[in-house]
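Please read the structure below before turning to the comments.
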Amino acid sequence: MSKNECRQVKTGPALLLLLGACPALALSTTALSAVTAGAFLLAVTLLTSVTMALLKGLVAKEIKLAASVLVATGYTVLLRLAVGAWLPDFYYAHGDMVLYLNAIAVSPFVYRQAEHATENGFGKTVAESLLAGVCFLVSIVVVGAVREILGAATVFGKELTFMKDYTIALAQKPFGGFVVLALVAAVANIIRPNKCMDCKKGA
Amino acid sequence: MKEMLALIMASVLASNFALTRFLGVETVLGQCKSTVKPLFLGLAVTATMVLSSILSWVVAEWALCPCSVLILPIFVIFVLGMTALVELFCRKVLKNTLGSGFAMIALNSAVLGVSLLNAGSGAKNYVHESFFTTVVAALAAGLGYALVLSVYTAIRNRMDDCSAPRAMRGLPLSLLTAGFISLALSCLSF
């Protein structure tokens with residue numbers, strides 16, 4: 001396969017879902033926590049890649065991974081404290097929210113954008129991170145809404161009376177997360193084909 | 001002893017890190033044929049997990065208790081350091097380079113997740129009091145991860161020969177496979 005095709009895969013939406021699979025599966029039991037997770041990941045990605053773009057010439061190739069993970073950790077701590085202080089409803093919407101927000105610090109999603117930032121210019125970095133983050137946010141909110149409607153017959157906390165008798169408890173379980181995310185990824189595959197999942201290098 | 005056995009079985013199978021807690025699931029789903037052998041990668045992850053949770057437990061217990069803000073950065077530094085150590089060991093002693101596996105361990109939320117859960121800053125019902133329990137929990141979590149990684153890669157390698165609808169190729173099929181393994185594991189409870 002040519003190098004050109006590989007480059008196209010690097011911008012495919014299914015790859016974004018793969019790299020952000022941990023928050024996309026764990027925090028999509030309700031639409032509310034999905035919004036929190038998506039927005040959190042968007043903010044961490046944007047801030048980390050902007051910082052890495054500013055540090056472009058200063059970071060050696062060998063320590064790029066360590067540097068970007070540590071920068072992302074710093075922003076994760078800051079944003080987690082901010083979310084906990086200002087939006088406690090979001091913060092406590094999900095039992096394990098703290099753990100998974102912490103885990104975003106080592107997310108391959110953030111690292112991939114940060115790595116691109118050290119190669120590209122400032123403007124391109126901001127545009128690319130925003131696009132990736134917003135794509136991810138939209139997909140995870142869809143997953144969260146579907147799982148909430150199927151599993152609890154509510155959406156963003158509002159009750160849907162006609163769905164009340166037809167809830168599927170499995171939708172809120174890990175299995176439901178995998179299936180709904182797979183369907184969303186399949187739709188993403190139709191919109192924008194993602195040919196070489198297996199030749200992906202690195203994380 | 002019975003409790004310890006239940007903890008091990010639960011961490012390896014019922015509440016597996018990759019498939020029911022979703023920590024490190026990216027590495028499992030993105031596992032490709034050409035790179036590192038899955039069992040080798042899984043054992044390297046286990047070693048990193050045990051080493052970093054020992055360090056994290058010691059520091060969290062004796063130095064960091066009052067200052068929870070610093071827990072995450074310090075644990076991340078431990079994970080990065082231990083990953084580098086394991087990679088060095090593989091290169092010098094085993095003469096077997098991890099290659100892109102380095103990024104796969106360092107960017108693996110399961111490794112960080114074990115340390116965080118053991119220090120009690122994650123889920124409420126998973127706090128381990130003693131040092132020994134912490135080590136056992138980390139070891140069991142790592143072995144469960146290695147098991148899932150090997151099983152999943154074996155299934156994926158077989159599925160590569162089958163033809164699937166165009167939209168389902170790649171990630172959707174990976175997710176469904178992982179989902180069914182997770183469904184099978186969730187039937188067990190200890």
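The values are calculated or read from the model by the stated rules, or taken from the named source; none is laboratory data. All values reported here derive from a predicted model rather than from experimental measurement. Cβ coordinates were reconstructed from backbone atoms using ideal geometry, including for glycine residues, and neighbour counts include every protein chain displayed. The protein model used for the area step is the full one, side chains on, heavy atoms only, and it has no ligands, DNA or RNA in it. Shrake-Rupley method; radii C 1.70, N 1.55, O 1.52, S 1.80 Å.
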- request: Give the angle, between 0 and 90 degrees and rounded to the nearest 10, that separates the Cα long axis of helix B:171-186 from the longest principal axis of the Cα atoms of chain B.
  value: 60 degrees
Interface size B-A, as summed buried accessible area [1.4 Å probe, Å², nearest 100]: 3900 Å²
- request: Please determine, in degrees from 0 to 90 and to the nearest 10, the orientation of helix B:38-59 with respect to the longest principal axis defined by the Cα atoms of chain B, where the helix direction is its Cα long axis.
  value: 20 degrees
- prompt: For A:I63, what accessible area in Å² do you get when you roll a 1.4 Å probe over the heavy atoms of the protein chains, rounding to the nearest 10?
  reply: 90 Å²
- prompt: Can you run phi through the Karplus equation (6.51, -1.76, 1.60; θ = phi - 60°) for the stretch B:74-80 and list ³J(HN,Hα) in whole Hz, with x for Gly and Pro?
  reply: 5, 5, 5, 4, 4, 4, 4
- prompt: Between exposed trypsin sites (Lys or Arg not before Pro) in chain A, where DSSP calls loop and at most 16 other Cβ atoms lie within 10 Å, what's the longest gap?
  reply: A:62-194
message: Can you tell me which aspartates and glutamates have their Cα less than 12 Å from the Cα of A:K173? Leave out same-chain residues fewer than eight positions away.
response: A:E148
query: Per-residue ellipticity at 222 nm for chain B, helices alone: DSSP H runs ≥ 4 residues times -39500 (n - 2.57), over residue total, nearest 500 deg cm²/dmol?
result: -20500 deg cm²/dmol
- request: Filter the chymotrypsin sites (Phe, Trp or Tyr not before Pro) in the stretch A:7-103 to those in DSSP coil with at most 12 other Cβ atoms within 10 Å of their Cβ, and list the result.
  value: A:Y92
- line: Candidates B:M159, B:M104, B:M49; GNM for chain B (alpha-carbon contacts under 10 Å) flags as most fluctuating B:M159
field: Structure-based [θ]222 nm, chain A - -39500 (n - 2.57) summed over DSSP H runs of at least 4, per residue, nearest 500
entry: -22000 deg cm²/dmol
- request: State which helices in chain A qualify, where a helix is a whole DSSP H run, it must extend 27 Å or more along its own axis by its Cα atoms, and its mean Kyte-Doolittle hydropathy must be at least 0.0.
  value: A:31-54, A:64-86, A:122-152
- prompt: For chain B, modelled as a Gaussian network with Cα springs under 10 Å, which listed residue fluctuates most, B:I71, B:I155, B:I105?
  reply: B:I155
task: Specify the longest stretch of chain A that does not include any exposed loop site, a site being one of the GluC sites (Glu not before Pro) with a non-H, G, I, E, B DSSP assignment and at most 12 other Cβ atoms within 10 Å.
output: A:120-203
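Work out the length of the dipole vector of chain B about its Cα centre, built from +1 on the beta-carbon of each Lys and Arg and -1 on the beta-carbon of each Asp and Glu, and round it to the nearest 20 debye. Before the final figure, lay out each step's value.
Details: 12 positive and 7 negative charges, 109 e Å.
Dipole about the Cα centre, nearest 20: 520 debye.
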- request: Could you check which residue among B:V136, B:V69, B:V79 shows the biggest mean-square fluctuation in a GNM of chain B with a 10 Å Cα cutoff?
  value: B:V69
- prompt: Charges only on Cβ, +1 for Lys and Arg, -1 for Asp and Glu: so what's the dipole of the protein assembly as shown about the Cα centre, in debye to the nearest 20?
  reply: 1040 debye
